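Notes to accompany the following structure.
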Amino acid sequence: MEILSLLLNGFAIAFEPLNLTLIVVGCTVGLFIGAMPGLGSVNGVAILLPMTFLVPPTGAIIFLGAIYYGAMYGGAISSIMLGIPGASTAVATTFDGRPMALKGEADKALVAAATASFVGGSVGVVLFTLFAPPLAEIALTFGAPEIFALMLMAFATFIGLGGDDIPKTLFSIFIGLVFGAVGLDIVSGEPRLIFFDIPGFFHGINFLVLAIGIYGIAEMLWTIEISQGEVMISQATITVRRILRNLAELARTWKTMLMGSFLGYFVGILPAAGATPGSLMAYGFAKTTSREPETYGKGNVHGVVAPESANNAASTGAMLPMLTLGIPGSPTTAILLGGMVIWGLEPGPLVFTDHPDFVWGFIASLYVANLFALLINVGFIPAFIWVLRLPFSILAPIIFILCIVGGFVPTLDMHDVWLMLIFGVVGYLMRKLDYPMAPAVLAIVLGPLAEPALRQSLLISGGSFSIFFNRPFAGVIMVLALALLFMPLYPMIKNRLFKKSSENPD
Amino acid sequence: MKAIGKAGLLGLGLGLAFGIGMTSVAKDAVAWEPKKPVEFIIMAGKGGGADKAVRFLQSIIAKNKLSSKPFTPVNKPGGSGAEALVHVKNAADPDHTLMFTLNSFYTTPLRQPKLGIDISTFTPVGRMAEDTFLLWVHKDSGITNVDQFVAAAKKAGNKWIMAGTGKNSEDNILTDFLNKAYGLDMKYVPYKGGGRVAKELAGKNANSTVNNPSEQLGFYQAGKTVPIGAFTPTRLPLFKDAPTFRELGKDFVYFMQRTVVGAPGMSKDATAYYQGLFQKIFNSKGWQGYMKKKSLQGGFLTGDALMKYWLEQKEVQRGILRKMGAIK
């Protein structure tokens, strides 16, 4: 009951007029920052950090937390509406969100994303409230072997993502892995794959540069070709009956929502993982465990619900190592951490006892921000739908400008804009040749996380792979990952055996 | 407002954020002032020690209205700072380009001569601090002094894991020193960033680290990790129980500089302005408090004295890298 009184005290702080105003403003600003391709929560929080020097520390973190939350909701909007992930965390949302919008179900997809975000955020914040200290202890013991096992599991859930053409899928994965390896190699300390000695490659190829190129520029070119500049999407008028039917259908996705929420949260609390792998894994899991996996990627509402619940739960989860270990679980929490130092607060194992007002005010504000973000988001849906009714000849230049800005802002380097345009054109051609692009995007996200973890593990063990199996957490995850990896082979083997036995009846 | 219009999108956002501060700045006798937002390059990633320090400096400038134009932090961590060095060397507007540096300011040009970086061409603005290093172990290991550490590490041989930040980094230099000085065979495992390294020790995925105080402070206060030796000339006030290696008979002192550097070709007037500004910041209550809390050492250095310090440090680093075999 001690937690309850602390939380109530936190709510009193969150409901102070200044803090409540900051929550509402933060959620709204965050929503639009998240909806802008490439801007995302990281840059939103970094740009607005100086504004928080003007308010007390608790208000400051509440404001930045609300922006982070709003951006998590907003990321889904451009994923669904334009097919461009608003942030890395919303990549998986494009896989089914965009096809839904093209089918004329944009309203349903947007409501599904908002609801799933709300559920994910709520589950995340409740877990945070109840189990923060013990979960922090678990996060602390997670080392390189556990992280590699987890990344392997993420890859395994995506084996079927590329469709049937296995050589083309592998090609796409390898391209992504190579791009992910550009830049500084931490383990050897040497720069690698610096093409033509261009200094811009020193910082590696930002995942967003590839994602915006492929999903923004390439998609735009593709749509111009097939739509000839006309209105792309016929959106049915929104009626009460339609809303009720959508909500009823949404209610049937509760299992996926909960799966995404828990998975996202636990991936989110691991230092260095963050919400992007969490949402990708949730999508992969939903697809793998579905009874009709073939409908994924063609506008299945579960494919929107899974990543959206996971990324919000993960963003709450990422706050845990930030507050209790002083280790950011995602780039955005890294900036929040910098902010806390500026405000004179030292995050770490003692923050709960040293600054209870701050911590519980912040946790309570997450409950409030989650609710407001949902309401604000749903309120804006008709406006977003209106945008879709514009002819593509008007939309295309807007998308193009958003893509350029999105490519430039994260690094403030024109190098990345040129690279993004090249990826866009190449992506368009690859699409014409029927290469699946999602595996490349997945590989560029997970590769740079998996590779150092693998090498660190093998350094520790002296080259022995047993390190992945003789540690309890790593062992369990590894076995699950291998099972998932070989699951798609199972029907093949079964078929062959079945064929044999039918050929030789005895 | 014309100047703001010219600056990039980020500058615009910051310009708006600082809008209030801009109008109220008193124009005193200083001839030169920034005419547009100042690009403040960080040669490390978001959330690291250098990044936190720059954002803290930014907050002091903003809170005390020390500049009429905002300072915009830009992270360029690529290639151990190679990207940042090249960017600043080729800065289009040297009067509005600053960089916050680590020891990679010396080591990266030494290790990558192809970049063509000569640090003596950069403009010395101000050394804000020197960060210190300590040897840390987990409290549960029962180790309380360097003798016990050496005995345990000897026994474990190459199974003793020392976590650090990247090959040939400051941490690697210190690990090599310990291995050589005490005849050890510790295995060095590189991670991304000092915070992550600190966590690996607290989570018992490593046996020891050579973290900066600020990185381990939280775990130390929570009773998870303990410092057993300091790579400083005298004991640190925050960690009085950790003897220096000098006291233990090994003369090894190592610092990490935290210095503000101006782009090559910065005008005299601009140089004088930034030198005065960072002197003011260094003396401010905010920065002095930050130094004390993070256990940062060293006084303010600027101008010729700072240049002399750079060139000396460069030779020290060259000697260390040679001994390690990282350069010829």
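The values are calculated or read from the model by the stated rules, or taken from the named source; none is laboratory data. As the structure is a prediction and not an experimental result, all values here were calculated from the model. Don't worry about glycine lacking a Cβ; one is built from the backbone with ideal geometry, like all the others, and counts go over all protein chains shown. For the accessible areas, the whole protein counts, side chains as well, though only heavy atoms, and no ligand, DNA or RNA atoms are used. Shrake-Rupley method; radii C 1.70, N 1.55, O 1.52, S 1.80 Å.
Structure above, values below:
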quantity: Three semi-axes of the equivalent ellipsoid, region A:286-359, Cα gyration tensor, whole Å, largest first; calculated: 37, 11, 9
quantity: In Å², nearest 10: area of residue A:208 left accessible to a 1.4 Å probe; calculated: 20 Å²
quantity: Overall Cα dimensions of region A:2-501, principal axis frame, Å, largest first; calculated: 65, 62, 55
quantity: Of the GluC sites (Glu not before Pro) in region A:176-231, those whose Cβ has at most 16 other Cβ within 10 Å and which sit in DSSP loop; calculated: A:230
quantity: Members of region A:307-340 that become less accessible by 50 Å² or more once partner protein chains are added (1.4 angstrom probe, chain alone as reference); calculated: A:327
quantity: Residues along region B:58-98 losing 40 Å² or more of accessible surface when the other protein chains are present rather than the chain by itself (probe 1.4 Å); calculated: B:63, B:79, B:83
quantity: Descending semi-axes in whole angstrom, ellipsoid equivalent of region A:390-497, from the Cα gyration tensor; calculated: 40, 24, 12
quantity: Rounded percent of accessible protein surface that carbon and sulfur make up, chain A, 1.4 Å probe; calculated: 72 percent
quantity: Point-to-point label distance, residue B:31-residue A:192, nm (Cα→Cβ direction, 7 Å offset); calculated: 5.3 nm
quantity: Mean Cα-pair separation over length for chain A, i.e. relative contact order, pairs under 8 Å, 6 or more apart, %; calculated: 29 percent
quantity: Å² of accessible area per residue within chain B, as computed with a 1.4 Å probe and no ligands counted; calculated: 40 Å²
quantity: Carbon and sulfur %, accessible surface of chain B computed with the full protein complex present, 1.4 Å; calculated: 54 percent
quantity: Kirkwood Rh (inverse of mean 1/r, distinct Cα pairs), region A:429-469, angstrom; calculated: 12.3 Å
quantity: Convex hull per residue volume in Å³, alpha carbons only, for region B:164-218; calculated: 75 Å³
quantity: Percent of Cα pairs exceeding the 19 Å cut-off, where the set is region B:228-281; calculated: 52 percent
quantity: Exposed trypsin sites (Lys or Arg not before Pro) absent: longest stretch of chain A, with sites in DSSP loops and at most 15 other Cβ within 10 Å deemed exposed; calculated: A:104-251
quantity: Solvent-accessible area per residue, Å², over region A:2-501 with all protein chains present [probe radius 1.4 Å]; calculated: 37 Å²
quantity: Cα-based equivalent ellipsoid, region A:1-105: semi-axes from gyration tensor eigenvalues, Å; calculated: 31, 16, 10
quantity: In Å, descending, principal axis extents of the Cα set of region B:205-315; calculated: 50, 32, 27
quantity: Shape box of chain B [Cα atoms, principal axes, largest first, Å]; calculated: 68, 43, 33
quantity: Residues losing 30 Å² or more accessible surface upon assembly, region A:125-145, compared with the chain by itself, 1.4 Å; calculated: A:140
quantity: Mean separation of Cα contacts under 8 Å (6+ apart) over length of chain B, as relative contact order %; calculated: 23 percent
quantity: Three-way shape label, the protein assembly as shown, alpha-carbon gyration tensor, a/c 1.5; calculated: prolate
quantity: Between B and A, accessible area buried - total, square angstrom, nearest 100, 1.4 angstrom probe; calculated: 4400 Å²
quantity: Cubic angstrom per residue, convex hull over Cα atoms of region B:134-239; calculated: 92 Å³
